[in-house]
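Engineer: Take a look at this one; I'll ask things after.
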Amino acid sequence: VIALLGPAANAHYYAAWTVSFSLRLLVVNIGSALTAESAREGADRARASRDATRLAIALIAPVVVGTVVVAPIVMAVYGEGYGAATDALRLFGLGLVPFSIVNLFIARRRVSERGGQALLVALVSMGVTLAVDAWAIPAFGITGAGLGWLVGWTAAAVPVVAIELSRRRRVVRSHTI
């Protein structure tokens with residue numbers, strides 16, 4: 001952002017990024033707890049995963065809605081001119097949904113020692129985010145950075161959802177045979 005829009009725009013962007021980063025820590029910590037709980041001897045990984053997913057949904061759904069609704073108020077707290085980052089904060093808030101999906105997937109893959117899949121998903125998110133940012137920041141300013149983040153995590157979440165649905169279908173079929 002600073003390279004494309006300058007220091008003033010970067011200050012506004014950074015305020016929105018910092019708020020959203022604090023919100024993302026909810027999911028990161030749920031993923032860490034899932035990893036720790038699933039790694040212990042005799043752990044019921046499936047149950048731990050379901051519990052973590054339920055907790056993430058219960059926490060993230062209202063946080064996303066709240067972020068979208070109160071973004072103008074939050075950004076106004078930072079002072080004059082920071083309202084320019086309101087839409088970026090809203091996009092970061094919406095991005096919590098795919099971010100949560102991907103982070104819980106990565107936590108499950110770490111436990112099952114499938115780090116390659118986790119790394120690939122993270123690389124997809126990073127690559128798409130940077131590509132969209134390169135186009136969207138010059139076109140839409142700070143909002144473009146929020147758009148890049150949302151699109152990047154969504155691009156990573158789509159194959160994760162497909163992988164998880166496929167895995168669940170296989171589990172259901174194996175139990176019905």
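The values are calculated or read from the model by the stated rules, or taken from the named source; none is laboratory data. Bear in mind that the values here come from a model prediction, so they are computed numbers and not experimental data. Positions of Cβ are backbone-derived with ideal geometry, glycine not excepted, and every protein chain shown enters the neighbour counts. Quick note on the areas: whole protein, heavy atoms, side chains included, nothing else; ligands and nucleic acids left out. Shrake-Rupley method; radii C 1.70, N 1.55, O 1.52, S 1.80 Å.
Engineer: Suppose all protein chains stay in the model; what accessible area per residue would a 1.4 Å probe give for region 38-159, in Å²?
Structural biologist: Solvent-accessible surface per residue comes out at 50 Å².
Engineer: Follow-up question, since we're still on this one. Once phi is turned into θ = phi - 60°, what whole-Hz ³J(HN,Hα) does the Karplus curve with 6.51, -1.76 and 1.60 give for every residue of region 28-33, x standing for Gly and Pro?
Structural biologist: Calculated HN-Hα couplings, in order: 4, 5, 5, x, 5, 5 Hz.
Engineer: I would also like to ask the following. Please report, as a whole percent, how much of the solvent-accessible surface of the chain comes from carbon and sulfur atoms (probe radius 1.4 Å).
Structural biologist: That share works out to 68 percent.
Engineer: Connecting C-alpha atoms closer than 10 Å in a GNM of the chain, tell me which of LEU104, LEU165, LEU123 has the biggest fluctuation.
Structural biologist: LEU165
Engineer: Using the charge dipole of the chain (Lys, Arg: +1 at Cβ; Asp, Glu: -1 at Cβ; taken about the Cα centre), state which of THR18, VAL65, ALA48 has its Cα farthest towards the positive end.
Structural biologist: Of the candidates, ALA48 comes out farthest on the positive side.
Engineer: Using only protein heavy atoms and a 1.4 Å probe, report how much of VAL128 is accessible, in Å² to the nearest 10.
Structural biologist: 40
Engineer: Amide H to amide H, which residues 5 or more places from ALA43 or on other chains are under 5 Å from it, using H placed in the peptide plane?
Structural biologist: Residues meeting the amide H criterion: none.
Engineer: Compute the signed sum of charges (Lys and Arg +1, Asp and Glu -1) over the other residues within less than 15 Å, Cβ to Cβ, of ARG50.
Structural biologist: That sum, taken over residues with Cβ under 15 Å, equals +2.
Engineer: If you put +1 on each Lys and Arg Cβ and -1 on each Asp and Glu Cβ, how big is the dipole of the chain around its Cα centre, in Debye rounded to 20?
Structural biologist: So the magnitude is around 940 debye.
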